[in-house]
Every structure is written in structure tokens, then in C-alpha cells.
Amino acid sequence: MSLYQALQLSPYELKHQMREGEAQKKNYYLMVLLLRSFLMILFSIAFIVGCTTIFGQEQSSLAVVLLCLLLGLRVVDFGYNVKESIVGLGVVFLIFLIVPQVVGSFKPFIAFMIHFLALILIFFITSYNRLYGNPSLYSFSYMFLIGTVPPSSVFSARLTLMIVMYLLFSLIYYKKHREKHQEHTFCSRMLRENTFNENNRFLLLLAFGMSVFFFVMAIYPLERFMWAGFACSSLLAGNHDQLKERSIARVIGAVCGSLLFLLVMKFLPANYWFFIGPIAGFFLGLSTNYRNQTIINCFGALLLAQGIYGIQEAAHLRIFTNLFGVVFGVIYLLFMNQTIQYLTNRRISKSSE
């Protein structure tokens with residue numbers, strides 16, 4: 001395997017190679033893992049700085065989302081032919097452009113319906129197999145954009161950025177996936193092959209849960225609500241059979257990450273704070289553990305928030321919002337699972353009469 005091919009492997013695959021390979025190969029794959037994470041940080045900084053320099057600092061949150069989508073899109077396809085996939089990508093981009101900008105002007109119930117329809121479209125277009133990770137990626141992207149809406153005065157720059165990136169992403173998608181799933185259309189993949197299959201039921205449950213979360217936030221606003229949304233959506237988009245383990249890991253990660261951030265900020269001189277984000281990103285590229293990823297993510301999030309709330313208040317808010325999001329997600333999934341089980345049992349009992 002060439003160095004270029006090894007760099008295309010995920011951290012999970014590289015660590016598997018390190019565990020299973022010979023001693024010499026372990027050192028090689030360790031070097032690849034470190035190099036991959038370093039190159040990823042360089043590319044991420046260049047991409048985000050480039051977007052914000054050309055299109056304005058107000059587009060920083062969109063630049064982060066576009067970076068995440070780009071890294072995912074080059075590896076994971078949508079599951080149907082390339083022509084319809086590129087059209088679907090355009091629909092997703094249009095939703096990301098329009099919905100965050102306008103949904104806040106509607107009453108809570110109308111906004112709930114908009115969120116639900118938008119999320120259904122996004123998930124059905126992108127996530128024919130949830131195990132490939134697109135539900136997590138696109139739920140994070142949607143939540144982040146809803147939580148970081150720029151002023152309408154910069155909408156024209158945002159529109160231009162989205163058009164440019166759509167053209168670029170379409171070219172990348174075509175190059176990477178043009179030979180895949182040529183026999184499948186969107187309808188044949190998502191709508192005609194048992195529409196209410198396990199995967200689609202999962203996506204409906206995820207979309208409805210996120211919409212309920214937005215509805216609650218519209219009625220009872222929570223400061224920095226998207227932090228709670230990230231915690232909640234990570235449970236809804238993850239493996240529901242591991243709900244207990246992931247919930248505990250999220251809480252431990254949020255608490256430990258916030259406390260570690262307080263400790264670092266106490267001893268690190270202010271002129272070195274700039275390095276926290278890149279260093280955290282580097283270690284995030286090495287991590288394959290959900291709890292550790294949650295710990296590392298605290299650093300970037302709190303570094304930005306401390307400028308608004310102060311260091312200690314930001315850390316307290318990070319812990320509280322994550323607790324809220326985890327509790328919300330657990331209650332929602334337990335309630336919905338019990339409801340679905342009850343309705344299923346009733347249907348079976350009626351059919352057997």
C-alpha cells in the first residue's frame with residue numbers, strides 16, 4: 001500500500017492496521033495516522049481561512065459545515081446514480097442556504113413543520129445507509145447552521161459561496177462516484193424498495209426528534225442551544241442499542257473536557273490561546289472514541305464561547321447544555337420506542353383476532 005493510499009484510510013482503519021500488523025508495519029501506520037491528522041489540520045485551516053477571506057468572516061460557520069461535507073462527500077455516496085445525486089446535493093445546499101435564514105421568523109408550530117420537512121429531505125437524499133455516518137454529519141451541519149445565523153445583509157456573499165461550493169462539490173462527487181449505483185434512482189433506492197424499512201424509520205425518528213427539539217427551544221429558549229442540540233442529535237443519529245453507553249460517554253466527555261479547558265486556560269498565557277484550536281483538531285484526527293472526541297470538541301467550542309461569556313461561565317454552560325441535550329435525547333428515544341412497541345403490539349393483536 002502506497003503512502004497516498006494509506007492516507008485515504010480512516011483513523012479506525014489505521015488503528016486496526018496498527019493492532020493487527022507486524023511491529024514494522026505498526027510504526028508505519030502510526031506515522032501515517034499522525035501525518036494524516038497534521039495534513040487534515042493544514043487543509044482545514046486553509047479552507048476556512050480562504051472562505052472567510054474571500055466571502056467575509058460572517059461565513060465562518062458555513063465554511064466549517066462545507067469543510068465537513070467535503071471530507072464526507074469524497075468518501076460516502078448517496079446510493080443512487082450520479083446525475084440524481086448531484087441534483088439531490090443541490091437540494092441539500094438550497095435547504096442549508098434558505099431554511100436557517102427564514103425559519104426563525106415563523107411561529108413555533110410552523111417552524112416545527114419546516115424543520116421536519118427539511119430534515120426528511122436532507123436525510124432521505126443523503127442517507128440510504130445510516131451506517132455510513134451521513135445522518136450524524138448532516139444533522140450536525142443543520143444544527144450548526146440553525147444555531148449560527150448571520151445577518152441578512154451578508155446573504156448575497158453567502159449565496160455566492162454556496163454556488164461556488166456546489167459546483168466544486170458536484171465535480172468532486174462526479175469524479176469519485178460516477179461509476180457507482182448506476183442502476184438505482186432516488187425513488188428506487190429510497191421510496192420503492194419498502195419505503196418504511198428499518199433505515200427509513202430510523203431517519204424519520206431522527207428528523208422528528210430534532211424537530212421536536214427545535215420546537216421546545218422556540219418556546220423555551222436555551223442559551224447556546226446548539227450545544228444541547230449537538231448532544232441530543234448525536235444520540236438520535238447514533239446506534240440506539242448503545243444509548244446508555246453513549247449517553248454516559250457524552251456526559252463524562254462534556255464534564256472532563258470543560259474541566260480540562262478550565263485547567264489549561266488557568267496556566268496557559270493568553271498569547272498562546274490561538275494554538276488551542278489547531279492542537280485540539282490534531283488530536284481529534286487521532287481519536288476514534290466517542291467520549292474522547294467529546295472531550296476534545298470542548299476545547300474549540302469553549303475557546304470561541306469564552307470571549308462572549310467568560311471562561312468559567314462558558315464551561316458551566318457547556319456542561320449544562322450537554323446534560324440537557326442528553327436527557328432530552330434519552331427521554332425522546334425511550335418514549336418513542338415504547339410508543340412504537342405499543343402500537344406494534346396492538347396491530348399484531350388485532351390482526352390475530
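If I filter the range 151-186 down to residues being open to solvent by less than 80 Å² (accessible area, probe 1.4 Å) and under 12 Å from residue 78 (Cα atoms), which single residue comes out as nearest to the chain's Cα centre (by Cα)? For the range 151-186, the residue satisfying everything is 173.
Out of all the residues in the range 78-87, is one or more free of Cβ contacts under 8 Å to residues at least 24 places away in the same chain, assigned to a helix (DSSP H, G or I) and hydroxyl-bearing (Ser, Thr, Tyr)? For the range 78-87, residues free of Cβ contacts under 8 Å to residues at least 24 places away in the same chain, assigned to a helix (DSSP H, G or I) and hydroxyl-bearing (Ser, Thr, Tyr): absent. Given (1) assigned to a helix (DSSP H, G or I); (2) of a type in the set (A, V, I, L, M); (3) at pLDDT 85 or above, identify the lone condition not met by residue 6. With respect to (1) assigned to a helix (DSSP H, G or I); (2) of a type in the set (A, V, I, L, M); (3) at pLDDT 85 or above, residue 6 is out only on (3).
When you check residue 288 against the structure, is it surrounded by fewer than 18 Cβ atoms within 10 Å (Cβ to Cβ), under 24 Å from the mean Cα position of the chain (by Cα) and among the hydroxyl-bearing types (Ser, Thr, Tyr), yes or no? Yes.
A quick yes/no check of all residues on (1) in contact (Cβ under 8 Å) with a residue 40 or more places away in the chain; (2) in contact with a Phe, Trp or Tyr (Cβ under 8 Å, 6 or more places away or on another chain):
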site	(1), (2)
232	yes, yes
244	no, no
257	yes, yes
306	yes, no
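Scanning the range 319-327 for any residue that is over 22 Å from the mean Cα position of the chain (by Cα), buried (at least 17 other Cβ atoms within 10 Å of the Cβ) and farther than 27 Å from residue 16 by Cβ turns up nothing.
Name the helices (runs of 4 or more DSSP H) wholly inside the range 104-205 in which the number of residues that are within 25 Å of residue 54 (Cβ to Cβ) is 2 or more. Before the answer, list the steps.
On the way: elements: 108-126, 134-147, 155-177.
It comes to 134-147, 155-177.
Considering (1) closer than 30 Å to residue 189 by Cα; (2) of a type in the set (Val, Ile, Thr); (3) surrounded by 14 or more Cβ atoms within 10 Å (Cβ to Cβ), the lone condition that residue 148 does not fulfil carries the number (1). Residue 46 fulfils the conditions (1) part of a loop (DSSP other than H, G, I, E, B); (2) surrounded by fewer than 14 Cβ atoms within 10 Å (Cβ to Cβ) except for a single criterion, (1).
Name the single residue that is farthest from residue 184 (Cα to Cα) among those in the range 78-88 being open to solvent by less than 60 Å² (accessible area, probe 1.4 Å) and of a type outside the set (Gly, Ala, Ser). Residue satisfying both the conditions and the ranking: 86.
Of the residues making up the range 63-77, those that are open to solvent by less than 20 Å² (accessible area, probe 1.4 Å) and either closer than 14 Å to residue 137 by Cα or not in a helix (DSSP H, G or I) (or both) are 65, 66, 67, 69, 70, 72, 73, 77. Residue 252 meets each of the listed conditions (1) outside any helix (DSSP H, G or I); (2) open to solvent by 50 Å² or more (accessible area, probe 1.4 Å) apart from (1).
Let me confirm something: among 343, 333, which residue is open to solvent by less than 70 Å² (accessible area, probe 1.4 Å) and either part of a helix (DSSP H, G or I) or of a type in the set (Asp, Glu) (or both)?
Values: 343 fails: open to solvent by less than 70 Å² (accessible area, probe 1.4 Å).
From the options 343, 333, the qualifying one is 333.
Beta carbons closer than 7 Å, at least 6 apart along the sequence or on distinct chains, pair a first residue in the range 168-185 that is among the polar types (S, T, N, Q) with a second that is open to solvent by less than 90 Å² (accessible area, probe 1.4 Å) for 170/86; 170/89; 182/81; 185/80; 185/81; 185/84.
The values are calculated or read from the model by the stated rules, or taken from the named source; none is laboratory data. Note that this is a predicted model, so its numbers are computed, not measured. Ideal geometry is used to build each Cβ from the backbone, glycine not excepted, and the neighbour counts take in all protein chains shown. Each accessible area value is taken on the protein alone, full model and side chains, heavy atoms only, with ligands, DNA and RNA left out. Shrake-Rupley method; radii C 1.70, N 1.55, O 1.52, S 1.80 Å.
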